[in-house]
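Heads up, the thing below is written out as C-alpha cells.
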Amino acid sequence: KAGVTQTPRYLIKTRGQQVTLSCSPISGHRSVSWYQQTPGQGLQFLFEYFSETQRNKGNFPGRFSGRQFSNSRSEMNVSTLELGDSALYLCASRRGDNTEAFFGQGTRLTVV
Amino acid sequence: AQSVAQPEDQVNVAEGNPLTVKCTYSVSGNPYLFWYVQYPNRGLQFLLKYITGDNLVKGSYGFEAEFNKSQTSFHLKKPSALVSDSALYFCAVRGRDGNKLVFGAGTILRVKS
C-alpha cells in the first residue's frame with residue numbers, strides 16, 4: 001500500500017514569505033503528526049492532528065500552524081519565514097494510539 | 001517530561017560483528033518505545049517497537065531491541081552487522097498519555113568491510 005506522501009520534496013523561499021507543505025497519510029490512518037529536523041536541534045515535534053482536531057502542539061511560535069481535512073490529509077503553514085526555519089519537515093501517520101508512526105520522505109525547506 | 005538519551009554520537013563496527021546502539025529514556029508511566037533508521041536525504045523508516053509483553057523485541061532487517069524497565073533502557077542490537085546498515089539511528093519514546101514522539105539526538109552507525 002502507498003506510504004505517507006509529502007509534497008513538495010524541495011522548496012526554496014525568501015525570508016518573510018510564507019509556505020504551505022502537504023501530507024497525505026497512509027490510507028486508514030487518522031492521526032497525522034509533523035516534525036522539524038535540523039542539524040542543531042534534531043527532531044522536534046510540531047503538532048498532531050486526529051480527526052481534524054489538533055491534539056497536541058510542540059513548542060514552536062505561532063507562525064507555525066497546521067490543519068487536517070476530512071480525508072485525513074494535512075497541511076502545515078509557516079508564515080513570515082526566517083532563515084532558522086530552514087529544515088527537513090517530516091510528516092508521520094499512524095492508525096491508533098498504541099501503534100507506530102510511519103514517516104514520509106520529508107520536505108526540505110531552504111529559506112534564503 | 002519525556003526524554004531520550006543516545007549517549008554515543010557514532011558507533012563503528014566491522015562487518016559481521018555484532019552491533020549495539022544504546023538508548024535510555026525517561027517518561028512517566030509505562031512507555032511506548034521505538035527505533036527508526038534514516039538514510040541520507042530520506043525520511044525515517046520504522047524498525048521496531050516495544051508496546052507491552054516480551055522484553056526482547058524483534059524487528060526489520062534482523063534488528064532487535066531489549067526493553068529493560070529497571071535501567072530504563074532500550075538498546076538496539078544486531079548479531080551480525082552489514083555495510084548496508086550504515087545510517088543514522090533514532091530512538092524515540094511516547095508516553096501512554098501523550099501523542100507526540102520524543103526523539104534522541106541520533107547515533108551514526110558506520111559498518112566497515
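The values are calculated or read from the model by the stated rules, or taken from the named source; none is laboratory data. Because the structure is a prediction, the values reported are computed rather than measured. Neighbour counts run over all protein chains shown; Cβ positions are idealised from the backbone, glycine included. Calculation scope for accessible area: heavy atoms of the full protein, side chains included, ligands and nucleic acids excluded. Shrake-Rupley method; radii C 1.70, N 1.55, O 1.52, S 1.80 Å.
Of all residues in segment B:35-56, those satisfying the criterion of being farther than 21 Å from residue B:84 by Cβ, open to solvent by less than 80 Å² (accessible area, probe 1.4 Å) and facing another protein chain (nearest Cβ under 10 Å) are B:49, B:51. Among the residues making up segment A:75-110, a single one is in contact with a Pro (Cβ under 7 Å, 6 or more places away or on another chain) and either closer than 19 Å to residue B:51 by Cα or among the aromatic types (Phe, Trp, Tyr) (or both): A:93.
Residues of segment B:102-112 that are open to solvent by less than 10 Å² (accessible area, probe 1.4 Å) and within 7 Å of chain A (Cβ to nearest Cβ): B:106 alone. Within the option set B:65, B:92, B:81, being open to solvent by less than 10 Å² (accessible area, probe 1.4 Å), among the aliphatic types (A, V, I, L, M), at negative phi and free of Cβ contacts under 8 Å to residues at least 60 places away in the same chain holds for one residue only, B:65.
For segment A:59-99, the set of residues classified as outside any strand (DSSP E or B), open to solvent by less than 50 Å² (accessible area, probe 1.4 Å) and touching a residue at least 12 places away in the same chain (Cβ under 8 Å) consists of A:60, A:63, A:72, A:79, A:81, A:85, A:86, A:96, listed by residue number. Report yes if residue B:4 is in contact with a Gly (Cβ under 7 Å, 6 or more places away or on another chain), of a type outside the set (Phe, Trp, Tyr) and surrounded by 15 or more Cβ atoms within 10 Å (Cβ to Cβ), otherwise no. Yes, satisfied.
Listed here are the residues, each with its yes/no results for (1) in a strand (DSSP E or B); (2) out of contact with any strand residue (DSSP E or B) (no Cβ under 6 Å at 6 or more places or on another chain); (3) under 30 Å from residue A:49 (Cβ atoms).
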residue: B:65; (1), (2), (3): yes, no, yes
residue: B:71; (1), (2), (3): no, yes, no
residue: B:77; (1), (2), (3): yes, no, no
residue: B:92; (1), (2), (3): yes, no, yes
residue: B:98; (1), (2), (3): no, yes, yes
residue: B:105; (1), (2), (3): no, no, yes
residue: B:108; (1), (2), (3): yes, no, no
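Going by what's in this entry, would residue B:5 be described as closer than 24 Å to residue A:39 by Cα and small (Gly, Ala, Ser)? When the stated conditions are applied, residue B:5 passes them.
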